[in-house]
Amino acid sequence: MRAARLIKMVLLLQSRPVMTAAELAQELKVSERTVTRDAQALSEAGVPVYADRGRAGGYRLVGGYRTRLTGLARNEAEALFLSGLPSALREMGLEDAASAARLKVSAALLPSLRDASDSAAQRFHLDAPGWYQEPVTPELLPAVAEAVWDDRIVHARYRRSGRDGEVERELAPYGLVLKAGVWYLCARAADDFRVYRIDRFSAVAVSDERFERDERFDLPGFWDERAAQFARSLLRTEVTVRVSEEGVRRLPYAMDRSAVHEALDVAGPADTQGRLTVTLPVESLDVAYGQLLTLGPELEVLEPAALRARFGAAAERLRDLYR
């Protein structure tokens, strides 16, 4: 543990002209007294660490010293490609590997480029979870992530949606997806690829046995296909509406965007009032009521009759409210 900290200290000093004891203590998560002892140990080992006294003082490397300890380990190299996803790295247990990788890359850069990581971090930040929801990290995510990185078979217990009890599965975990703050595992079970919500795993045992990846598997393509299938599977009924030009503009923001665009593509011409008659696939009449009500007077429900009557009753209540 101390050896790794000493290496990190050298890399920090190599990537910056000077660092105070407080700055090093914060980066290394130790006390300033420990920083002093570590600097002395490096000096005794032949690393030319020099301490400047005074208000503008700090630790620095003398004479342009360069370490050769800049080779990336495999987990560091993999984590580096995810360095734009700090929250995801933290949740998967890869934060330390990514930090070490960034330090090694910074140490290998020209002095004029060493602020590149800070410059990028100040200009781009990804906040994956949706609004109005508290992100919760699944307890078993680090274990699943470890199996994904190492191509190891997983034996898991999984709670199925809408059903009682659990099922046991032997999975070949191919990849992880973070969608709107929810983690999913794309895995091969028997000869079929499936998607599992990480927060529905009640137990995960990572085997020593490794599986052989199908190199033809494309994680982004697989996810896009399954996500589209899932979205379509929810649309089990239809409603017919007359919608104004403004309503047409707002409709994709109220319902499934791709389904709306497909429905508009096959709609007939607008009537004399400029309104289109459109048949929309929806999840249910209750869901459609909540979605379409947001368009207010820009939309008129034609069918089914029960939903039209519900909108009529809502219009009556609004009229009475604002009379």
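The values are calculated or read from the model by the stated rules, or taken from the named source; none is laboratory data. Computed from a predicted model, the values in this text were never measured in an experiment. Cβ placement follows ideal geometry from the backbone for every residue including glycine, while neighbour counts extend to all protein chains displayed. Accessible surface areas use protein heavy atoms only, side chains included; no ligands, DNA or RNA. Shrake-Rupley method; radii C 1.70, N 1.55, O 1.52, S 1.80 Å.
Does VAL105 satisfy the condition of being under 30 Å from ALA145 (Cα atoms) and either part of a loop (DSSP other than H, G, I, E, B) or modelled with pLDDT of 85 or more (or both)?
no
Check VAL177, VAL167, VAL182, VAL195 and return the single one that is farther than 21 Å from ARG213 by Cβ, surrounded by fewer than 19 Cβ atoms within 10 Å (Cβ to Cβ) and touching a Phe, Trp or Tyr at 6+ places or on another chain (Cβ under 7 Å).
Details: VAL177 fails: farther than 21 Å from ARG213 by Cβ; VAL182 fails: touching a Phe, Trp or Tyr at 6+ places or on another chain (Cβ under 7 Å); VAL195 fails: farther than 21 Å from ARG213 by Cβ.
That would be VAL167, the only listed residue that is farther than 21 Å from ARG213 by Cβ, surrounded by fewer than 19 Cβ atoms within 10 Å (Cβ to Cβ) and touching a Phe, Trp or Tyr at 6+ places or on another chain (Cβ under 7 Å).
Could you please give the count of residues in region 1-34 that are outside any helix (DSSP H, G or I) and either closer than 11 Å to ARG60 by Cα or among the aromatic types (Phe, Trp, Tyr) (or both)? Even if it seems obvious, please write down each step before you answer.
As a first pass, look at region 1-34 and keep what is outside any helix (DSSP H, G or I): 1, 16-20, 29-31.
Next, from what is left, pick out any that are either closer than 11 Å to ARG60 by Cα or among the aromatic types (Phe, Trp, Tyr) (or both): 16-20.
Matching residues across region 1-34 total 5.
Working only within region 31-46, note down all residues that are more than 15 Å from VAL18 (Cα to Cα) and open to solvent by less than 40 Å² (accessible area, probe 1.4 Å).
Residues satisfying the conditions are THR34, ASP38, ALA41, LEU42.
Within region 218-323, considering only helices (runs of 4 or more DSSP H) that don't extend past its boundaries, which have at least 1 residues that are open to solvent by 40 Å² or more (accessible area, probe 1.4 Å), without any contact (Cβ under 8 Å) to a residue 60 or more places away in the chain and over 30 Å from ARG188 (Cβ atoms)?
Here the list reads 245-254, 257-265, 285-292, 305-322.
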